[in-house]
Structures are given as structure tokens and as C-alpha cells.
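Novice: Here you go, one structure.
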Amino acid sequence: MAIRAILGLFETADSAADAGDALKNASVDQGNIDFLTDAPYPEGAFGERPEKHRLYIFPFLGALVGLTIGILLTSMTQMAYPLVQGGKPILSLPPMAVVTYESTMLSAIIFTIIGVVFESRLPRAKIGLYDTRITEGYIGVLVNVEEDQISSVSGILSGAGRGHNQSE
């Protein structure tokens, strides 16, 4: 069976939250429910599940890559062009520290930007079901369900706060 999207529109946040609770009680998977609004509601305002993210991994990996590149770049450069001056060691740590710090920060920033793009799931190849009334103040409850569950989910959305339903 194919998964289909159904969108319920609600005038108030309370009725949208009631619809989310009714869907949760009807054992609809929480991963298939999404709330669409034009206003920034706090996370969890509609009773939705907390989103898991791995954004913290990207800057950490970027910093490790940058640190490795910085150390290799400076040490290999000093070893490739050895300039012995007054008995000083060939590998000098103070200049290495500056270049290594800069490469570490640059890589961490670049990896963070890449992480934000990946964690935001951008770019989206297909735009899902959407109604322009959401930008006028309505709150949308988007549910992805199997085709045989569309009628029951539509009934739940209609019963919660007299919502307006659309299906894909």
C-alpha cells in the first residue's frame, strides 16, 4: 500500500493540539505527524515528540579534521623545507599552533554549516501537501498514513475542532 498525506487545518492552537492528541490515542505513529504554522510556537506546544538531531557531531568532526590538516600542513611544510637557524629545532610549535588553530576553527565552521543543511533536510526534492491558509493564521496538522487509514484519520481530524481536511 502507498502512503498518502492528509492535511487538517485548525483555527486555534488548542484544536490543533486536540487533533494531535486524538491521533496519538488512535495509535498513529508520531513520526508521521507534523504541525505547520506561520507563527513560532515553542517546541512541544502541540504535544509533538521531541526532534532528535545530531548537529553536535558535525562541528566536532570538523574540528578533528581541521586539527589534523593543520598539524600535517605545518609539520610537513617545515620538514620539506628545513631551515636550521642557530640550533633551533626544525619543528617550531608556536607558529604551528596559530595555523592549526585557524584550520581547526575554519573546518568546524564549514562542517557546522553542512550539518545545518543536512539536519534541516535541505533541499527538499518534493514539496509535501500544503495549504496557503496556513500563512493566514491557520494551523495545519499533516499526517502521512496508509491508504486504508485515510478515512479514519480524516474523521479524527474533522472531529477535533471542526478542522478542514485535504488529502493528497
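The values are calculated or read from the model by the stated rules, or taken from the named source; none is laboratory data. Here the structure is a predicted model, which means the values were calculated and not measured. Note that we place each Cβ from the backbone using ideal geometry, even for glycine, and neighbour counts take in every protein chain shown.
Novice: Look through LEU106, LEU142, LEU157 and report the one residue that is in the same structural domain as ASP29 (by TED's automatic domain parsing), of a type outside the set (D, E, K, R), in contact with a helix residue (DSSP H, G or I) (Cβ under 8 Å, 6 or more places away or on another chain) and not in a loop (DSSP other than H, G, I, E, B). Lay out the reasoning, then the answer.
Specialist: Values: LEU106 fails: in the same structural domain as ASP29 (by TED's automatic domain parsing); LEU142 fails: in contact with a helix residue (DSSP H, G or I) (Cβ under 8 Å, 6 or more places away or on another chain).
None of the others qualify; the one that does is LEU157.
Novice: All but one of (1) exposed (fewer than 15 other Cβ atoms within 10 Å of the Cβ); (2) in the same structural domain as ALA13 (by TED's automatic domain parsing); (3) modelled with pLDDT under 90 hold for GLN149; which doesn't?
Specialist: It fails just one condition, (1).
Novice: Would you mind stating whether SER92 is polar (S, T, N, Q) and modelled with pLDDT under 95? Step through it out loud before you land on a result.
Specialist: Working: polar (S, T, N, Q): yes; modelled with pLDDT under 95: yes.
Criteria met by SER92.
Novice: Which condition does ALA45 not pass, out of (1) without any contact (Cβ under 8 Å) to a residue 40 or more places away in the chain; (2) not assigned by TED's automatic domain parsing to the domain that holds VAL143, if it passes all the others?
Specialist: (2)
Novice: Just wondering, is there one or more residues in the stretch 19-32 that are touching a strand residue (DSSP E or B) at 6+ places or on another chain (Cβ under 6 Å), of a type in the set (Asp, Glu) and not in a helix (DSSP H, G or I)?
Specialist: There is no residue in the stretch 19-32 that is touching a strand residue (DSSP E or B) at 6+ places or on another chain (Cβ under 6 Å), of a type in the set (Asp, Glu) and not in a helix (DSSP H, G or I).
Novice: Quick one: which residue in GLY155, GLY140, GLY128, GLY161 is surrounded by 13 or more Cβ atoms within 10 Å (Cβ to Cβ) and either closer than 30 Å to GLY66 by Cβ or at pLDDT below 85 (or both)? Show your work before the answer.
Specialist: Values: GLY155 fails: either closer than 30 Å to GLY66 by Cβ or at pLDDT below 85 (or both); GLY140 fails: either closer than 30 Å to GLY66 by Cβ or at pLDDT below 85 (or both); GLY128 fails: surrounded by 13 or more Cβ atoms within 10 Å (Cβ to Cβ).
Unique residue meeting the criteria: GLY161.
Novice: Just to be sure I understand, how many residues within the stretch 35-66 are β-branched (Val, Ile, Thr) and assigned to a loop (DSSP other than H, G, I, E, B)? Lay out the reasoning, then the answer.
Specialist: Step one: of the stretch 35-66, the residues β-branched (Val, Ile, Thr) are 37, 57, 65.
Then drop every residue that is not assigned to a loop (DSSP other than H, G, I, E, B), which leaves 37.
Residues in the stretch 35-66 being β-branched (Val, Ile, Thr) and assigned to a loop (DSSP other than H, G, I, E, B): 1 in total.
Novice: Working carefully through the options ILE6, ILE90, ILE69, find the one that is in contact (Cβ under 8 Å) with a residue 24 or more places away in the chain, hydrophobic (A, V, I, L, M, F, W, C) and not in a strand (DSSP E or B). If you could, list the steps in order and put the result at the bottom.
Specialist: Working: ILE6 fails: not in a strand (DSSP E or B); ILE90 fails: in contact (Cβ under 8 Å) with a residue 24 or more places away in the chain.
Result of the check over ILE6, ILE90, ILE69: ILE69.
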